[in-house]
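This report concerns only the one structure given below.
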Amino acid sequence: MRIVAIAGTIIRRSIIVIFGLLLIIQAISLIVSNSSDKEFIKSLNHDGPVTKYTLNKKIDMDGDIFTAKELYLTSKKTVLHYSISKQDPGGWSFPNSAIKLINSNGEELMQHSSSSTGRGETGFISFNEMNEPLGSITLKYEWYDRQAEINIPLAKDGEGQ
């Protein structure tokens, strides 16, 4: 009976150590993903001056919330920083190609690339450069039967919004 008790203690402690290690690995991945976002934003300075617009505009997609957080304009590209909050985190992968930006002249900016965290909760979508942003842009979401559109006034950080 004593051997069974010792074996049970060893198994319990092993499980606790394994889950503790998994928790530490998860915490490290969260720190790394936050720093990679900051590094990406800093890398935009290589294209020249960066104009940042704080958007914080939300689109409800059948209970899932897409948030356009910030827009960065450089002389070479336009970058949208977004986050997505899903009702069912494992339910579906967010299709970055469903997001379109249309400038005030009605021209759709061509999407070049996108990146997101491993869980797909935040990310960046890169588009063509936007010459002379005039007043506002339109963000469209079109994916099968899900559609949404919001008009976003462009006021630089520090200007009244």
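The values are calculated or read from the model by the stated rules, or taken from the named source; none is laboratory data. From a predicted model like this one, the values you see are computed outputs, not experimental measurements. With ideal geometry, Cβ positions are generated from the backbone for all residues, glycine too; neighbour counts draw on all protein chains shown. Note: areas computed on protein heavy atoms with side chains; ligands, DNA, RNA excluded. Shrake-Rupley method; radii C 1.70, N 1.55, O 1.52, S 1.80 Å.
Screening region 92-143 for residues that are of a type in the set (A, V, I, L, M, F, W, C) and not in a strand (DSSP E or B) and picking the one that is modelled with the highest pLDDT gives M110. Taken as a whole, the condition of being modelled with pLDDT of 80 or more, of a type in the set (A, V, I, L, M) and assigned to a strand (DSSP E or B) applies to I59. The residues of region 42-68 that are of a type in the set (D, E, K, R) and either open to solvent by 60 Å² or more (accessible area, probe 1.4 Å) or touching a Leu at 6+ places or on another chain (Cβ under 6 Å) (or both), listed by number, are K42, K52, K57, K58, D60, D62. Among the residues of region 77-91, just one is surrounded by 13 or more Cβ atoms within 10 Å (Cβ to Cβ) and assigned to a loop (DSSP other than H, G, I, E, B), namely K86.
When R146 is tested against the conditions (1) farther than 25 Å from A27 by Cα; (2) at pLDDT 85 or above, the lone failure is (2). When L71 is tested against (1) modelled with pLDDT of 85 or more; (2) part of a loop (DSSP other than H, G, I, E, B), only condition (2) is not met.
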